[in-house]
Amino acid sequence: MTARTTVNREDAIRKNLEVVAAHLDREARDIDAALALYTDDVVWEAPSRGVVLRGKQRIAENYRDLFGCLDIHSTTLLRQTATEEWVFNDKLLSVTITGDLIPGLDFPVGTKLSVRKLGAFQLRDGLICREISHESWRPAGGITDHDDVPQEP
């Protein structure tokens, strides 16, 4: 690998991390700005809930329902890694369900949940072309609400 290849690879990885960070920062509060970071043919999946969406319009509808039914108390990034094509992040969220429009989620309104979320983001030409959201929704403080959270040095 030449020095030029290394720089290009590092630049691509840095750019991918920036795009995903910007998308995640915006998705709950400015859906249109988050969607601007997707390709037109984007695919969004949440396998544990049986959801596969194609295109920005369908994802916009899903985001409005999803974020309209959640009160997000905190988000903690546990781990993250990236390549020239993919960004993977592992997060922990604390939420309360405030509505019943989330497909495949069987918790009543008012339930406090701990959500472990592994996001896989595929990028093409500086935009997200695929997002796979592996989610584990657990009652906060329940028997399955147990995670290996890295300690800060």
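What follows is calculated from the coordinates using simple rules that are stated; it is not laboratory data. Everything numeric in this text was worked out from a predicted model, so none of it was measured. We place every Cβ from the backbone using ideal geometry, glycine too, and count neighbours over all the protein chains shown.
Quick look at the values:
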| quantity | calculated |
| --- | --- |
| Helical contribution to [θ] at 222 nm, DSSP H n ≥ 4, -39,500 (n - 2.57), averaged over the chain, rounded to 500 | -9000 deg cm²/dmol |
| Geometric extent, Cα atoms of the range 99-148 - Rg, Dmax (angstrom) | 14.3, 43 |
| Neighbourhood net charge (9 Å Cβ-Cβ; Lys/Arg +1, Asp/Glu -1) for V95 | 0 |
| On Cα atoms only, tilt of 3-26 relative to the major axis of the chain in degrees | 20 degrees |
| For the chain, alpha-carbon Rg over 2.2 N^0.38 Å | 1.10 |
